[in-house]
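Worksheet: the structure to be examined is printed underneath.
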Amino acid sequence: VDALLDFSMQLSSLVSLPLDHVMTAAVGFRVDWFLIKRAQRIGELIPKRTEEPYKAYTGGLVLEPQPGLHENVAVLDFKSMYPNLMLYYNLSPDTYIPPDQKAPSQGVYEAPEVGYRFRKEPAGFYKEALRYLIDVRREVRAKMGNLDHQSTEYRILDVRQRAVKVITNAIYGYAGWVGARWFSKPVAEAASAWGRYTIKKAVDMAKDAGIQVIYGDTDSLFITY
């Protein structure tokens, strides 16, 4: 109970939802309120919520598992794959270049498979929000490294970094959520496409190195090692 209360308080502080709402709210609403808070801080306009019709799109890549029992298995997990892909390729509703518009002089990133284009600079709203979250988590974890693991301060900082991680990892899914204020199907589709491309590239690298891939799911690979 104490652990749940600690986490709820840190999540409430991060997204500015009341403590009695934050744990019952849908993940999308938590992200919504965090982005509203962030938008106010940086002077970004907050769009009106408009319920979008559901539009399916292809998600992460799941590889067919190799049947049988395997020994010496290693799991390769991409650290915050989707947040980092969104950061690197500047994926955001305000950086998306529609097909009927010319590419800006600063250049674009073009997503594999789907072909959506996003300007390279300046940074979009999603990139700014993600960079803030990742920086906060890095600072919190650095402070934790100097503390006794049994201390109250360490416990509070630990739940704080977990709350930040939850919101960071949810922004990718939020982009494709039809209830999102900052809804953008191209952002969600492009992030998925780059995620699939990254996993396929890693599989090719493993095969070139003579390593057998026995399974893969979204942002991780299982290999025999």
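The values are calculated or read from the model by the stated rules, or taken from the named source; none is laboratory data. Only a predicted model underlies this, so the values are computations on that prediction, with no experimental measurement involved. Positions of Cβ are generated from backbone atoms using ideal geometry, with glycine treated the same way; all protein chains shown enter the neighbour counts. The protein model used for the area step is the full one, side chains on, heavy atoms only, and it has no ligands, DNA or RNA in it. Shrake-Rupley method; radii C 1.70, N 1.55, O 1.52, S 1.80 Å.
The table for this structure:
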| quantity | calculated |
| --- | --- |
| Segment residue 79-residue 139, extension gain: residue separation times 0.36 nm, minus the distance between their alpha carbons | 19.9 nm |
| Check: region 1-55 dipole with +1 on Lys, Arg Cβ and -1 on Asp, Glu Cβ, in debye | 300 |
| Listed residues 73, 15, 203, most fluctuating in the chain (Gaussian network, C-alpha, under 10 Å) | 73 |
| Residues residue 55 and residue 215, FRET efficiency given R0 of 35 Å [Cβ-Cβ distance, rounded to 0.05] | 0.75 |
| DSSP-assigned coil residues among trypsin sites (Lys or Arg not before Pro) in region 105-169, each with at most 16 further Cβ atoms within 10 Å | 120 |
| Two-site label geometry, residue 132 and residue 146: point separation in nm, points 7 Å out along Cα→Cβ | 2.5 |
| Carbon and sulfur %, accessible surface of region 91-165 computed with the full protein complex present, 1.4 Å | 45 |
| Computed helical MRE - 222 nm, the chain, DSSP H runs ≥ 4 contributing -39500 (n - 2.57), nearest 500 | -16000 deg cm²/dmol |
| Reachable lysines, given that their alpha-carbon falls under 18 Å from the alpha-carbon of residue 143 and they are not under 8 places away in the same chain | 165 |
| Dipole magnitude of the chain about its Cα centre (Cβ charges: Lys, Arg +1; Asp, Glu -1), debye to nearest 20 | 640 |
| Within straight-line cross-link reach of residue 201, lysines at Cα separation under 20 Å, skipping those fewer than 8 residues along the same chain | 79 |
| Relative frequency of Cα-Cα separations exceeding 28 Å in the chain, percent | 40 |
| Once exposed loop GluC sites (Glu not before Pro) are cut out (DSSP; at most 13 other Cβ, 10 Å), longest piece of the chain | 114-225 |
| Principal axes of region 104-225: Cα extent on each, largest first, Å | 49, 43, 30 |
| Share of alpha-carbon pairs per 10 Å distance bin for region 61-105, given as whole % | 17, 30, 23, 17, 10, 3 |
| Average accessible surface area per residue within the chain, 1.4 Å rolling probe, Å² | 57 |
| Portion, in percent, of the accessible area of region 21-69 that falls on carbon or sulfur, probe 1.4 Å | 58 |
| Choice from 147, 157, 14 with maximal GNM fluctuation in the chain (Cα, 10 Å cutoff) | 147 |
